[in-house]
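The values are calculated or read from the model by the stated rules, or taken from the named source; none is laboratory data. The structure presented is a predicted model; accordingly, all values stated were derived computationally and were not measured. Cβ atoms come from the backbone with ideal geometry, glycine included; neighbour counts cover every protein chain shown. Just the protein is used for accessible areas: all its heavy atoms, side chains included, with ligands, DNA and RNA removed. Shrake-Rupley method; radii C 1.70, N 1.55, O 1.52, S 1.80 Å.
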Amino acid sequence: AVELAPEGVLAAAVPAKGQPPVYAFQPLKAGSLVPGIGEPNVRAADAVADAIRSTLGQVSPRSRSVTLVIPDTVVRVFVLDFDSLPNKASEVFPVLRFRLRKMVPFDIEHAAVSYQVLTETKSELKVLTAVIPGAILAEYEAAVRAAGYEPGAVLSSSLASLAGIDSLEAVLTASFSERALTTSITNGNDLLLYQIGRAHV
């Protein structure tokens, strides 16, 4: 996996089954990467690609396909309630796009959308939905490809960190960066709250 942030690039890999993960970090010059949804993010493409290539090269991933972790401020995350959804994934996405149309400040038709059903009972259907402007996602994926790797799964930083929580009880987490403070509450596999706000440094 590789995480891109304004401060730098962090890579991690597991050398072999049963072995502990190894890590590498390379800082970026200020202004090389500026996360946001309204303007280009990767301002120094060569420097970002070089940092990705260097850090991944140090951890020697077993595959050229890597998980890509991007800043919270470029992804909008919602927990949506529905009465029901179509059975086919291809039919779910138009429903989600219609619901999200007035919830995000960018063109939803050209955005990348992913979802996961959190709770499904006879009386409740909760869906975790993540959405990012297509052009912004393309920038991050292009940086990984320029480094000689292929982006696989793409996650926001906070959503990626939730995978590390191993508790069946309610847990409050906070992720602080130079630009945002993201808070979430999980209860087992259920996401009860996800909120991102501007950080005041």
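Numbers for the structure displayed
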{"read-out": "Listing of strands (runs of 3 or more DSSP E) fully contained in the range 1-41 that carry 2 or more residues being within 16 Å of Ala180 (Cα to Cα)", "value": "2-5"}
{"read-out": "From the options Ser90, Ser84, Ser65, residue that is within 20 Å of Glu141 (Cα to Cα), among the polar types (S, T, N, Q), out of contact with any helix residue (DSSP H, G or I) (no Cβ under 7 Å at 6 or more places or on another chain) and surrounded by fewer than 19 Cβ atoms within 10 Å (Cβ to Cβ)", "value": "Ser65"}
{"read-out": "In the range 171-192, the residues that are of a type in the set (A, V, I, L, M), surrounded by 12 or more Cβ atoms within 10 Å (Cβ to Cβ) and out of contact with any Asp or Glu (no Cβ under 7 Å at 6 or more places or on another chain)", "value": "Val171, Leu181, Ile185, Leu191, Leu192"}
{"read-out": "Among the candidates Ile165, Ile196, Ile185, residue that is closer than 20 Å to Val131 by Cα, free of Cβ contacts under 8 Å to residues at least 24 places away in the same chain and touching a strand residue (DSSP E or B) at 6+ places or on another chain (Cβ under 7 Å)", "value": "Ile185"}
{"read-out": "Which numbered condition Glu139 fails, given (1) open to solvent by less than 70 Å² (accessible area, probe 1.4 Å); (2) over 20 Å from Leu33 (Cα atoms); (3) of a type in the set (D, E, K, R)", "value": "(2)"}
{"read-out": "Contacts under 9 angstrom Cβ, first residue in the range 134-148 being on the phi < 0 side of the Ramachandran plot, partner open to solvent by 40 Å² or more (accessible area, probe 1.4 Å) and of a type in the set (Lys, Arg), 6 or more apart", "value": "Ala146/Arg53; Ala147/Arg53"}
{"read-out": "Tally, over the range 25-42, of residues that are open to solvent by 20 Å² or more (accessible area, probe 1.4 Å), touching a helix residue (DSSP H, G or I) at 6+ places or on another chain (Cβ under 7 Å) and not hydrophobic (A, V, I, L, M, F, W, C)", "value": "3"}
{"read-out": "Flag if Ile132 is in a strand (DSSP E or B) and open to solvent by less than 60 Å² (accessible area, probe 1.4 Å)", "value": "yes"}
{"read-out": "Selection count where residues are of a type in the set (A, V, I, L, M), over 21 Å from Val127 (Cβ atoms) and in contact with a helix residue (DSSP H, G or I) (Cβ under 6 Å, 6 or more places away or on another chain), scope the range 161-201", "value": "1"}
{"read-out": "Verdict on Tyr194 being aromatic (Phe, Trp, Tyr) and assigned to a helix (DSSP H, G or I)", "value": "no"}
{"read-out": "Residues of the range 78-102 that turn out to be modelled with pLDDT of 95 or more and of a type in the set (Val, Ile, Thr), as a count", "value": "2"}
